[in-house]
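These notes are about the structure you will find just below.
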Amino acid sequence: MGDFSRLYNPSGVEYFTGPSALSSWGHSGKGQFRDAQQVGCTWVEEYKQLPIDSDNTHAFLAFIRQLYRDKEPFTISYLHKLIPRNHPITGTITVNGASQTGSTINVTSGLNKALKAGDLITFANINTVYEIIETMVSPTASTIKISPPIYSGGSPANGAVITYSGVKFRCVIDTLQMPKNDGTKLYSGLVLRFRETP
């Protein structure tokens, strides 16, 4: 499994989302809701113009077609969350306690700045990417709040290092819309939908 090769950057990137709670609606309009156990973010990237005469274009299209056909997993960074919002941050943050589940995780933090809501993290040896949902009260706070919640059986180990910069998703290309040529020397309309596969 390698990195997604960004021979071109997208012209548009949808903000990523994950599965929501399950819902059922009665005739009266009353809703019943149940927490979703599924994890895995999705997002769409659009590419407006790719030059037809470029070797890079043909290499890129062949690359993504192969990934889509085989559903081959790869790692990819979400373009607008490559670094934490309080950048530059230094120091180490680790999990404090084994078998933790849920949205609040105990940590031991030696960071010089707090992680902010919207920052992405991963735990060592866990493929799922988590989003910080509340800014840490201080850089050395003993807890962080994350989404999605850690499910039973998916807990990080005690002392697991938490990565907070350069976080990468493990994904496949879930859907693919190939580009069209309108008689110019450009392809347009390439759309990729990435699906996290932790």
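Number of residues in segment 32-61 that are of a type outside the set (A, V, I, L, M, F, W, C), open to solvent by less than 80 Å² (accessible area, probe 1.4 Å) and in a strand (DSSP E or B) equals 4. Quickly run through segment 85-113 and pick out the residues that are touching a Ser or Thr at 6+ places or on another chain (Cβ under 6 Å) and closer than 26 Å to Y15 by Cβ. Once the filter is applied, which keeps residues that are touching a Ser or Thr at 6+ places or on another chain (Cβ under 6 Å) and closer than 26 Å to Y15 by Cβ, segment 85-113 yields I93, T104.
Is it the case that some residue within segment 132-143 is among the charged types (D, E, K, R), without any contact (Cβ under 8 Å) to a residue 24 or more places away in the chain and not assigned by the TED database to the domain that holds T42? Outline the logic, then answer.
First, the residues of segment 132-143 that are among the charged types (D, E, K, R): 134.
Okay, now just the ones that are also without any contact (Cβ under 8 Å) to a residue 24 or more places away in the chain, so 134.
Now drop any that are not not assigned by the TED database to the domain that holds T42, which leaves 134.
Yes, the conditions are met somewhere in segment 132-143.
For (1) at positive phi; (2) not assigned by the TED database to the domain that holds F123, each residue gets a yes or a no:
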site	(1), (2)
Y151	no, no
A160	no, no
P179	no, yes
G183	yes, yes
Y187	no, yes
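Is there a residue in segment 17-28 that is under 24 Å from N127 (Cβ atoms), open to solvent by 80 Å² or more (accessible area, probe 1.4 Å), touching a Lys or Arg at 6+ places or on another chain (Cβ under 9 Å) and at pLDDT below 95? Quick ask: steps written out before the conclusion?
Step one: list which residues in segment 17-28 are under 24 Å from N127 (Cβ atoms), which gives 17-22.
If we keep only those that are open to solvent by 80 Å² or more (accessible area, probe 1.4 Å) as well, we get 20, 22.
Now drop any that are not touching a Lys or Arg at 6+ places or on another chain (Cβ under 9 Å), which leaves 22.
Filter once more, keeping what is at pLDDT below 95: 22.
The answer is yes; a qualifying residue exists.
The values are calculated or read from the model by the stated rules, or taken from the named source; none is laboratory data. Not measured: the values here are computed from a predicted model. Virtual Cβ from ideal backbone geometry, glycine too; neighbours counted across all protein chains shown. For accessibility, only protein heavy atoms count, side chains too; no ligands or nucleic acids. Shrake-Rupley method; radii C 1.70, N 1.55, O 1.52, S 1.80 Å.
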